[in-house]
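For reference, the structure discussed in these notes is given below.
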């Protein structure tokens, strides 16, 4: 009878140790799985953010290039045509610029709100350039404003590039 009790006690103790080992192993595996899942989610978020940064960069480059072209066309045509003909010639072929502008603002607002101030500086610079349209006597001011627009645009693109490198 004592030997039967010893067999039962040793079986219970062995069972408890086995259950404890299984529980501990599951706990460790669960912890490792959570860490791997968190790492995978972080990598996916960074990939997604990098794709949005690339999209933002392309949209911004296209938009700022279009605006520069409009300014250069305006400067080239001043003095050769009247104001309405200049504006028609300058704006011809720029119908997609509005969509690019809207998408550009949306990308920054949703994905990169920390860059809204830098983008607003570019927009302010753009507005200064646009204020000189229709004033033939202020072409030199437009050229200076275009340089500032170029500086602000390059600064914005550089900040996007730096963010991409940090991912």
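FYI, it's all coordinate maths here, none of it is from the lab. It should be emphasised that the depicted structure is a prediction, and the values quoted were computed from it without experimental measurement. Positions of Cβ are generated from backbone atoms using ideal geometry, with glycine treated the same way; all protein chains shown enter the neighbour counts.
Work out, step by step, the length gained on full extension between residue 105 and residue 46: first 0.36 nm times the residue separation, then minus their alpha carbon distance; give nm to one decimal. Mind showing how you got there, number by number?
Working: separation 59, 0.36 × 59 = 21.24 nm, distance 2.06 nm.
The residue 105-residue 46 span can extend by a further 19.2 nm.
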Checklist outcome for this item: Under the helix-only model (-39500 (n - 2.57) for each DSSP H run of 4 or more, divided by the residues of the chain), the mean residue ellipticity at 222 nm, to 500 deg cm²/dmol, is -31500 deg cm²/dmol
Checklist entry - Expressed as an acute angle from 0 to 90° and rounded to the nearest 10, what is the orientation of the C-alpha long axis of helix 2-77 relative to the principal long axis of the chain? => result 0
Checklist entry - Could you give the angle, 0 to 90 degrees to the nearest 10, between helix 96-111's Cα long axis and the longest principal axis of the Cα atoms of the chain? => result 30
Next on the checklist: Applying a 10 Å radius around every beta-carbon, put 19-29, 42-52, 125-135 in order of their mean neighbour count, most first.
Outcome noted: 125-135, 42-52, 19-29
Checklist outcome for this item: With Cα coordinates, the longest principal axis of the chain makes an angle with the long axis of helix 116-131, in degrees rounded to 10, of 10
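For the stretch 1-60, just say rounded, prolate or oblate: build the C-alpha gyration tensor, square-root its eigenvalues into a ≥ b ≥ c, call rounded for a/c under 1.5, and beyond that prolate if a/b exceeds b/c, oblate if not.
Numbers: a/c = 15.56, a/b = 13.51, b/c = 1.15.
Prolate, since a/c reaches 1.5 and a/b exceeds b/c.
Translational diffusion coefficient of the chain at 20 °C, 1.002 mPa s, Stokes-Einstein with Kirkwood Rh over Cα pairs, in µm²/s as a whole number.
Details: Rh = 20.7 Å.
Translational D for this selection: 104 µm²/s.
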Checklist entry - Ranked highest first by the average count of other Cβ atoms within 10 Å around their residues, in what order do 139-151, 4-16, 105-117 fall? => result 139-151, 105-117, 4-16
Next on the checklist: Under a crude label model (7 Å from the Cα following the beta-carbon direction), how far is residue 13 from residue 37 in nanometres?
Outcome noted: 3.8
